[in-house]
Amino acid sequence: MKRFLGWFFAFLTPALAFSAGEKAQWILLKSEIGYTVTHPLHVVHGKSLSAKGKGVCYGGHCEFLVAVPVKTFDSGDQNRDFHMLEVTRAGLYPLIEVNAKTAEIQTEHPPKAIYADLEVGFAGKKVQYRKVKLDVVEWKSREAHITGGFTLSLKAFGIAPPSLLTMPVKDDVPVQLDMTWKREVSGK
Amino acid sequence: MVLTLAFCVTAFGAPKANEKNNQTDAQSGLSLGDLGFSQQDIQGDPRFQKDLETRSDMLRIHQTLGVITAIPMTTEFILGLTTAGNVSNGSQDTTLHTTLGLTTVALYGTTALFEILAPKPKGLKPSGNTGVHESLSWIHLPLMVVVPLVGDMINDRIANHQPIGNLGIVHGAMATTLLASYLTSLTVMTF
């Protein structure tokens, strides 16, 4: 019987330890998401401060969801912004959704960069971007300031490039991300 | 021994089961609904999209007609300088200048109508270059009414063999302001 109890505790204790593993949640504290549109006559920058996001780390990887209403982007010209809403079909698809997957973020040894696989839902279409580099600018005990970017193609999202005086904008639209995430840990 | 093995399997199986539960939790925790957006932010509005498309179509026509209008307007200005010279030399023929002027007014009016009648989204306030573009219309729109009226007064005086006085200078100065403000209004949209 003693032998049996010995075996029992020997096997059960690590199992209990595993099951009580940490589950880290991330909340998007503040952000600035910008885009740059290039036209032969001028370059336009637009930005939104209204993104919301959450992240969860479990089982060796992390998943994040960030969403931002298309109408919150401001390029400094409201008429142009309304035209942007039209071409991106924001009336039908009012949110830009970004699902990101990364390897688990080691908080004990903060990384200098994070590589994420992104799935961007925009204008009714989803496009994937692999291994997008996000730089860790600052890492406090429970906060991470992350910047990065990727270039999206208007064609990939089925967006007809807007034109001025018959000249369309470039298909490539660089997107800039500047985000501060807060980490919350809960034992599960 | 069988019991021991059963315990081991149960014990080692537990993390996997928990992991699966965590995944489910995580997936449900990462839904749009949990991000705190209002229903208005999340739901599409086909009517709003339709209005945006109508607006864009009308503004595209406004843009095209605006560029087209600049051609007769500039030609009319140059023709006005020539006509003024001819009139000062005793000519009474202002027909071409008058006809082209009326054509310009008609084109200008049509261009303006496409902007005025385009659906205005709620909360639209002119800003940036569009704001400047719209402000300049407060200069060229009234001038587009006054300049032809003064031109008509000059035509009447010429037809009645009366002296034009300063009306020609006033007409010219207003036409210069009109053309300058109109072309600036057009150019500012390209920056």
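Looking across the stretch A:143-165, just one residue is touching a Ser or Thr at 6+ places or on another chain (Cβ under 9 Å), more than 14 Å from A:Tyr35 (Cβ to Cβ) and not in a strand (DSSP E or B), and that is A:Leu165.
Quick check on the stretch A:179-188. Is at least one of its residues touching a residue at least 60 places away in the same chain (Cβ under 8 Å), surrounded by 19 or more Cβ atoms within 10 Å (Cβ to Cβ) and in contact with a Gly (Cβ under 8 Å, 6 or more places away or on another chain)? Scanning the stretch A:179-188, I find at least one residue that is touching a residue at least 60 places away in the same chain (Cβ under 8 Å), surrounded by 19 or more Cβ atoms within 10 Å (Cβ to Cβ) and in contact with a Gly (Cβ under 8 Å, 6 or more places away or on another chain), so the answer is yes.
Taking the conditions exactly as written (β-branched (Val, Ile, Thr) and without any contact (Cβ under 8 Å) to a residue 24 or more places away in the chain), does A:Val37 satisfy them or not? Answer is no for this residue.
State whether one or more residues within the stretch B:9-18 are within 7 Å of another protein chain (Cβ to nearest Cβ), modelled with pLDDT under 95, farther than 30 Å from B:Pro148 by Cβ and within 27 Å of the chain's Cα centre (by Cα). Explain how you work it out, then say what you get.
Narrowing the stretch B:9-18 to residues within 7 Å of another protein chain (Cβ to nearest Cβ): B:11-12, B:14-15, B:18.
Next cut, modelled with pLDDT under 95 only: B:11-12, B:14-15, B:18.
Going one step further and asking which of them are farther than 30 Å from B:Pro148 by Cβ, we end up with B:11-12, B:14-15, B:18.
Narrowing further to those that are within 27 Å of the chain's Cα centre (by Cα): none.
No: the stretch B:9-18 contains no residue that is within 7 Å of another protein chain (Cβ to nearest Cβ), modelled with pLDDT under 95, farther than 30 Å from B:Pro148 by Cβ and within 27 Å of the chain's Cα centre (by Cα).
Would you point out which residue out of B:Thr94, B:Thr54 is β-branched (Val, Ile, Thr) and either in contact with a strand residue (DSSP E or B) (Cβ under 6 Å, 6 or more places away or on another chain) or farther than 30 Å from A:Glu86 by Cα (or both)?
Values: B:Thr54 fails: either in contact with a strand residue (DSSP E or B) (Cβ under 6 Å, 6 or more places away or on another chain) or farther than 30 Å from A:Glu86 by Cα (or both).
It is B:Thr94.
Considering only the stretch A:133-150, state which residues are under 12 Å from A:Leu177 (Cα atoms) and loosely packed, with under 13 Cβ neighbours inside 10 Å. Result: A:Lys133, single match. Looking only at the stretch A:66-124, residues that are free of Cβ contacts under 8 Å to residues at least 12 places away in the same chain, in a helix (DSSP H, G or I) and either among the small types (Gly, Ala, Ser) or surrounded by fewer than 21 Cβ atoms within 10 Å (Cβ to Cβ) (or both) come to 1 in all.
The values are calculated or read from the model by the stated rules, or taken from the named source; none is laboratory data. Keep in mind that what you see is a predicted model, and the values were worked out from it rather than measured. Here the Cβ is made from the backbone with ideal geometry for all residues, glycine too, and neighbour counts use every protein chain on show.
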